[in-house]
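Trainee: Below is a structure I'd like to ask you about.
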């Protein structure tokens, strides 16, 4: 028993004794002691005999009835106050003692007694009204520690004794969720309540924990989740909560115009071009799922990433028959997916060229991308027709398919050099045994016909046969002098699949690719005449060259090669941004196996490995986004990037299929293929990228590459003939301008610190 009473006796100002009775029916856990029963009996007798006037109110917390009787007992000073204000002033009684009971066997007895007393404003010696007693009862219950509380009165010699009888909440042992299949795990639930287990249950603290559960659901995107309770609290400390997470009852798709209308001007329902299954397959959110705001947001992002839609409006409609459930309505505004493009450009293989293209990115509403592109240039031309399906219908792995047909003519960069001349076309050739020099049939020659130092003037010859018959001991070739053009006609296909384990919308870093390709390759001149041989212009003097420098341009020196290949690749990509990454890795391991279909069809394997790595840095702060003000989010795409590439070719390759070193995507201080034509190669690049202005970024780079001495192993040795160095490095600055068609890169690159600089213009970052 806990008592608080006056320290000195006080004389009452009236002869009448005032008693206060407060009764709250409740279920006792431990029962009442004998002493409490006696006191209750005295109070009942007192109430029955003395109190005739009573009132009731319903407490908003516990719905129990509160009974308070003052009778006709008044203190002397209260009589005076009543006389002064007989209508508005409530009766007051003197409280001589406050006694707290019901905590005798509780393990937290002392703490709860203090909590009960501190919750009250009434103190021994105070004079109170019935309203003040009611408010103190509310304060005790509002503390959250008690399942019930009641105040009873005892008549004492110095005034009224208040007996506070409380029933504490049980010791919290377990939280039980009525629903079994919910997102909230037992581990997380116990983590939220870990500080409360083994302690007296506090209803206020319980509400805070319920809020933590709500906050957790919101943080995970389950914004429709509702937590109520406790629905039951047992004497053994079991608390039951009710969680309704909110479900997706349906998903509706409608097509709307730019103004949000579902009908056209004639009142007809707008029918979209896109198949609805194309939209539905991009949705992680499914009917019957717990509503997840984060999933829905990612669904909308994926729909935008298809480039098929201008706008996606989301509406959530509640289902009256299913409280907490909603129907998701997607209002889709399609964008135009067909385009006609054209432009001018320059490349090493085609010179100045014009281009026209026709594209459709949503063929027959299946999200198929088709492209027909025609390029006609100074040195060549290209006609390419392609079809790309980003996701084969009903494929659970999200496999994509690509196929193309092409016809191209271009000057092979392997046979050109900015400083070493080029290899020009030769129509035909004859090699005499043991000869060291080859002669052009189109020029007069002084030849030793009899091996006796007798010189004879001969030539030019009308054809190779006449030269061979006239002087079979000498090697001959029919030099035409035109640039060699490679004509490729063929097609191919490929399948690509992310390694997602059959979860098509799961973002995974690994993917695989397999495919095949077949093409006919013809070395010709601009007029279309076959040119299977070539001679370097730098070594062509006085109508003759060393015999080993009249090379085969094609495999087996044939006028036409058939190349059949099967390719495969593994890719790992966890870059944070596909256009301008600042962190992450990119790895590509690829192999292409060529098989022979005949005498002029080579067999060889070409394998390559490429790896890129990006590190975020914060060095230069030209862009204001790199200097955010307090409260602003930084916008500073700044990184240090590294790339390494290596490749090898095994087998009988044509020279035009060798690796090229140099160019805008290689060692930038050299033109395309000017550094080397190799069977093996390695390259490395380091770049520092930093923003300068909203649309402009800067770059500082170092490139290096080497053929590992393999130029001599390429048939015909075109790199050696054209005196390509085989290895080198370059450094330089650059700028990247972000445009609607993509980043445009402008660079200046040195050549081995030699003072020679090359200026590049390209589309996109180097890697």
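Throughout, read-outs are computed from the coordinates displayed, never taken from laboratory work. What you are looking at is a predicted structure, and each value in this text was computed from that prediction instead of being measured. Virtual Cβ from ideal backbone geometry, glycine too; neighbours counted across all protein chains shown.
Trainee: Arrange the peptides 616-623, 602-609, 478-485 so that the one whose residues have, on average, the most other Cβ atoms within 10 Å appears first.
Mentor: 478-485, 602-609, 616-623
Trainee: Given the -39500 (n - 2.57) contribution per DSSP H run of 4+ residues, what per-residue ellipticity at 222 nm results for the chain, rounded to the nearest 500 deg cm²/dmol?
Mentor: -4000 deg cm²/dmol
Trainee: Right, something else. The stretch 301-324 to the stretch 127-143: how many Å between their Cα centroids?
Mentor: Rounded to whole Å, the Cα centres lie 53 Å apart.
Trainee: Report the Cα centroid-to-centroid distance between the stretch 352-417 and the stretch 220-275 in angstrom, as an integer.
Mentor: 42
Trainee: Ok, one more. Among rounded, prolate and oblate, which fits the stretch 248-334 when a ≥ b ≥ c are the square roots of the eigenvalues of its C-alpha gyration tensor, a/c under 1.5 means rounded, and a/b larger than b/c means prolate?
Mentor: Judged from the Cα gyration tensor, the stretch 248-334 comes out oblate (a/c at least 1.5, b/c at or above a/b).
Trainee: Ranking 139, 745 by Cβ neighbours within 10 Å, fewest first, what do you get?
Mentor: The most exposed by this proxy come first: 139, 745.
Trainee: Nearest 5 is fine: what % of DSSP beta bridges in the chain come out antiparallel, could you say?
Mentor: Given both bridge residues lie in the chain, the antiparallel proportion sits at roughly 90 percent.
Trainee: Right, here's the next one. Could you let me know the centre-to-centre spacing of the stretch 476-494 and the stretch 690-759, using Cα atoms, in angstrom?
Mentor: The two parts, judged by their Cα centres, are 27 Å apart.
Trainee: Then there's this: Among rounded, prolate and oblate, which fits the stretch 174-244 when a ≥ b ≥ c are the square roots of the eigenvalues of its C-alpha gyration tensor, a/c under 1.5 means rounded, and a/b larger than b/c means prolate?
Mentor: Here the stretch 174-244 falls in the prolate category.
Trainee: Please report 396, 183 as a ranked list, fewest other C-beta atoms within 10 angstrom at the top and most at the bottom.
Mentor: Ranking 396, 183 by Cβ neighbours within 10 Å, fewest first, gives 396, 183.
Trainee: Can you give me the Rg/Rh ratio for the stretch 562-663, using Cα atoms for both radii and the Kirkwood formula for Rh?
Mentor: On the Cα set of the stretch 562-663, Rg over Rh gives 1.23.
Trainee: Here's something else I'd like to know. What is the helix-to-structure angle for 293-305, meaning the angle in degrees between its Cα long axis and the longest Cα principal axis of the chain, kept from 0 to 90 and rounded to the nearest 10?
Mentor: 20
Trainee: Rg and Dmax of the chain, Cα atoms, in Å?
Mentor: Cα-based Rg and Dmax for the chain come out at 45.9, 164 Å.
Trainee: Could you line up 730, 347 from fewest to most neighbouring Cβ atoms inside 10 Å?
Mentor: In order of increasing Cβ crowding within 10 Å: 347, 730.
Trainee: Using only Cα positions of the stretch 598-767, each an equal point scatterer, no hydration layer, compute I(q)/I(0) via Debye at q = 0.13, 0.19 Å⁻¹ and quote the log10 values to two decimals.
Mentor: With one equal scatterer per Cα and no solvent, log10 I(q)/I(0) is -0.70, -1.16.
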